[in-house]
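**Student:** What follows is a structure written as structure tokens; I'll ask about it next.
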Amino acid sequence: MRGIGASITMILVVICCGDILRAQQTRPIPELYERLQSEGTTDESTSQFLELGRTNSGAREYLVRRLPTVIGEGPKPDRRRAWLNSVRLSGEFRIAEAVPSLTKCISANTGATSGGLHATTRLLGFPCAEALIHIGDPAVPGLSEVLEKGKARDRWFAYRALFLIGSPAATSALRDHVNREQDKELKTEIQQALDERK
């Protein structure tokens, strides 16, 4: 029995020490954010933000106040990775405040699309579109606006994002829009997608 008790105690010590070490390795949120914006440290910082989790109100609030502006600037050659990680975190943390910035860059492609038509219809490789899908219902009004008034390419992405969100609100937005759609090809595609969903 003593052997079992000692083993349990040892396991608890190891677990506690692991928690302490992880806590010590996580940097303060402002420092994590600064590292997120640097190409050399952005991936590590993104992992640490994801470890904190979207339930960490301090991390989420810090990102809410900063990410929309960074995302709205669009991808830049010298900060491409940092921008992509900022977009990813906006989706993972479901930051509705980033929706206007994300819709502005909805059709931005990472250049990493593979898998042909299937990947494209799932919007894989289009980080802003993917983030909007993660955000879900709070993104529906912004996507509806793009579908109504955006450029032809962006409108297609807005339709696909709404379809992939697939919630009653997103489906309703597509149903409301389809009869007003002026582009015959897009109208047919939206209608077929809605018919398949029935």
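**Student:** Apply the Karplus curve 6.51 cos²θ - 1.76 cosθ + 1.60, θ = phi - 60°, to the phi angles in region 61-72 and return the couplings in whole Hz, x for Gly and Pro.
**Tutor:** Each residue's phi maps through the Karplus curve to give 4, 4, 5, 4, 6, 10, 5, x, 5, 4, 5, x Hz.
**Student:** Listed highest first by mean packing, meaning other Cβ atoms within 10 Å per residue, what order do 62-73, 127-138 come in?
**Tutor:** Taking the mean over residues of other Cβ atoms within 10 Å, the ranking is 127-138, 62-73.
**Student:** Find out how many positive minus negative residues lie around ASP154, taking Lys and Arg as positive, Asp and Glu as negative, among other residues whose Cβ is under 12 Å from that of ASP154.
**Tutor:** Once positives and negatives cancel, what remains is +4.
**Student:** Output ³J(HN,Hα) for region 186-191: one whole-Hz value per residue in order, computed from phi by the Karplus curve 6.51 cos²θ - 1.76 cosθ + 1.60 with θ = phi - 60°, and x for Gly and Pro.
**Tutor:** For region 186-191, the Karplus curve yields 5, 4, 4, 5, 4, 4 Hz.
**Student:** How many angstrom lie between the C-alpha centres of region 26-41 and region 128-198?
**Tutor:** Result: 35 Å between the Cα centres.
**Student:** Residue by residue through region 41-48, which ³J(HN,Hα) values in whole Hz follow from phi under the Karplus form 6.51 cos²θ - 1.76 cosθ + 1.60 (θ = phi - 60°), with glycine and proline marked x?
**Tutor:** For region 41-48, the Karplus-derived couplings read 10, 5, 5, 4, 5, 4, 4, 5 Hz, x marking Gly and Pro.
**Student:** Using a Cα-Cα cut-off of under 16 Å, which lysines could be cross-linked to LYS76, ignoring same-chain neighbours fewer than 8 residues away?
**Tutor:** LYS104
Quick note: the coordinates plus some simple rules give every number you see, no bench work behind them. The structure presented is a predicted model; accordingly, all values stated were derived computationally and were not measured. All Cβ positions, even for glycine, are placed from backbone atoms using ideal geometry, and neighbour counts span all protein chains on display.
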